[in-house]
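Each value in this text was obtained by applying a stated rule to the coordinates, not by laboratory testing. Keep in mind the model is a prediction, meaning the values are calculated, not measured. Methodologically, a virtual Cβ is constructed for each residue, glycine included, from the backbone with ideal geometry; neighbour enumeration extends over all protein chains shown.
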Amino acid sequence: MIPEQTHSIIEQWIEPESRVLDLGCGDGSLLSRLVRDRRVEGIGVEISQDMIVKCLANGISVYQADIDRGLSQWDDLSFDFVILNATLQVIHRPHGLINEMLRVGRSAIISVSNFGFVRNRIRVFFDGRISREVRITGSWHNTPVIRFVSLEEFLHSLHEMDIDIVDARYFLPWGGVMKTRAVLDNLLVKGAVFMLKRET
Amino acid sequence: MDSPVQTSTLHLDRPFRLDSGDIIRGLTVAYETYGEPNSARDNAILIEHALSGSAHAAFFHRGDPKPGWWDAMIGPGKAFDTDRYFVICSNVLGGCNGTSGPSSRNPATGKPYALSFPPVSIRDMVEVQRMLLAHLGIERLRSIAGGSMGGMQALQFFADYPSLFDSFICIASTMRHSAQQIAFNEVGRRAVMADPRWNGGDYYGDVPPEGGLSVARMIGHITYISEKMMQEKFGRLRKGKDDRAVFRPSFEVEHYLDYQGIAFVRRFDANSYLYITSAIDNFDLVSSISGANRCRGENRARGTGIDAMRKKKGLVISFTSDWLYPTQQSHDIVRFFSGLNASVSFAEIETDHGHDAFLTDIEGQTLIIRSFLDALIP
C-alpha cells in the first residue's frame, strides 16, 4: 500500500467541511491534504512529541495521547470521520479502539495491511520469519508492530462487532485496486482500506 | 538586544471599575515590551506571569545580573522570538511590582491601601491589561501565553475577547482550582495571617510578616517540584552537622526551603500574596464566562461567543510530573475550548521537574511553541 494511494482514496470519501479525527496522524500530511482540499476541521492524535512538533509546524491541530488508552477525551459523535491509517498494526486493543472510533465518529476509516498476502506467506515459509516490510522497523522484540492480521481475520472481526462496511478498496500488487472482494483475496490482496459504520 | 531593558509605568487617569463594582482611582500598571510592532501591528504577543512574577519577563535591568523570569523563553531566536514578535508583559493587578496593589499608596488617604484594597479577580487582572493594550495601540494580538496563573489569565482574556486574539497558549494551568489546590493556598494564607507582624494587614512602615510569608512560600515550593526531583536533589543529605542547637535546619531540603522562603520575602508583599492567591482560588473560567451577572467581555452570555472562537487556535501544554496542576486539568481545558469550536492542540511534556517545569524545561516548550506560532502567520 503506497501512502499516496490510500490518502487519495480517503480524500474521496471525506465530505467537504466535515469534522475529522486522525488517529496516529504522524506528521499530519494526510490531515494537511484534507484541510487544503476538503476544507475539513481536523485534529490529529499522536503519541510522539517529534510528530506533535511537525504537525504544529504544518498548522495542524494535534492532541498528544496514547490512543490505546481510549478516546474518552471526546464526546459521542463529535466527528464525522475518525481515521486509523497505517496504525492498526501497533494497537494493543484493536477491538476496543474500533468501538471507540465508532462512538466518537459517525464513520470510521481504517487501513489494514494483509498479513495473508502471498509474499508475506512465502517469506515466512522460506525464511521462517516475518519480513522487514511487515515489521516496518526494529527486530521482533522492539518493533512497534505487534498485530499481524490477515484480511480474512479483520473482516471476521468486523462481522463479530456488528460493523458494516460502507465502502472498501482492496489493493493488489503492481498498483491494481478493487472495490469488491474477489476469489482468493486473502492471498492476493496486499492491503485494504475500509469505511465503516455501526450496524443500525 | 544588548542594551538593558526597563519597566515602564502607565498611569490611568480615569477610575478603574472592578468586576465586583469596586473602584480603584489612580491605577498604575507596570509593563515591559520587547521587540517591535510590525507595520500591520499584528505581531504582538501578551505574556502573563504567574503568582510571584513581574513585568520583567526577559532581558536584563541595568546593574542586575539576573534576567527576567522567562528570559529563557523570550528573546531573539527563542520560543517567543523578539526579532519577529512584539512581546508585552505587565505586572498583575494586586501585585507588588509596580502595578497597583495593597502595598500601593491610596490617593484618598496618602497611606498604603493594605486590606482596604478591593479584592481582585483574574478577570480584573486582564481588564487592566486591556487598558494597557489600548494605550500601546494594539488592537489585535497574535497570541497570549502564560503558565500557571499566567495560563488562567490567558484563558480568561481569550474567552472574554476572542476576537482580540489569533490564539492562546496555556501552560501547566487549569480552568478552576480543585479542593487540593485551594487547600494548599489556604495554608499559605493562614501562615501569613498567623504571623503577629501581619497585624491585620497593617504592617507597612514596620517589619513585615516575614516569618509567615516565608512559610507560605516554603509550602508553595514543595508543590512546585516533583517528589522524585526533590529526592534526587536532596535525599537525606545534611548540611552543617556540628550545629548544636536543636531544630535548626540540618537537612539539605530544609536549607533549600529556608532559602526559597527568605528570597521570597525580600521581593514580595505579604498582602499581595493573600490577594493574588485568593484571585487564583476564586477563578472559575466556565462560570465566569457563563454567569448571569457578567458585565465584561465581548459576549455577555455563553453561546454567543462560539462564532468568535471558530478558527481560533489554542495550545495547551502540561508536564507529566506536575502534581499541582495535573494533566487532567489541561485535558479539561482542551475539551472546553474545543466545545466552543476553537481548534486546540495539546502536548504533555515528559519531565521530572514538576510544576516548575514551565520555567525550567525550555527545550521542549520552545520546539512546540515555535512551531505553533510559526504556523499562525496569516
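Only helices enter the 222 nm calculation for chain B: every DSSP H run of n ≥ 4 contributes -39,500 (n - 2.57), and dividing by all residues gives -11000 deg cm²/dmol, rounded to 500.
The angle between the Cα long axis of helix B:270-282 and the longest principal axis of the Cα atoms of chain B comes to about 50 degrees, rounded to the nearest 10. Put simply, the amide H of A:LEU172, placed in the peptide plane, has neighbours under 5 Å in A:VAL177, A:MET178, A:LYS190, leaving out anything fewer than 5 places away on its chain.
Counting only DSSP beta bridges with both residues in chain B, the antiparallel share comes to about 35 percent. Calculated mean residue ellipticity at 222 nm for chain A: -9500 deg cm²/dmol, from DSSP H runs with n ≥ 4 weighted as -39500 (n - 2.57), summed, divided by the residue count and rounded to 500. The long axis of helix B:179-194 is offset from the longest Cα principal axis of chain B by roughly 50 degrees.
With θ taken as phi - 60° and the Karplus curve 6.51 cos²θ - 1.76 cosθ + 1.60 applied, the whole-hertz 3J(HN,Hα) list for region A:166-172 is 7, 7, 7, 9, 10, 9, 9 Hz, x standing for glycine and proline. Exposure proxy ranking for A:ASP127, A:ASP80, based on other Cβ atoms within 10 angstrom of each Cβ and starting from the fewest, stands as A:ASP127, A:ASP80. Residues A:ARG19, A:ARG169, ranked from the fewest to the most other C-beta atoms within 10 Å, line up as A:ARG19, A:ARG169. The order of B:ARG190, B:ARG236, A:ARG33, going from fewest to most other C-beta atoms within 10 Å of their C-beta, is B:ARG236, B:ARG190, A:ARG33.
Over chain B, Cα pairs under 8 Å with separation of 6+ residues give a relative contact order of 17 percent. If you count Lys pairs in the protein assembly as shown whose Cα atoms are under 30 Å apart, skipping same-chain pairs closer than 8 places in sequence, the total is 20. The distance linking region A:71-126 with region B:27-50 is 46 Å (Cα centroid to Cα centroid, whole angstrom).
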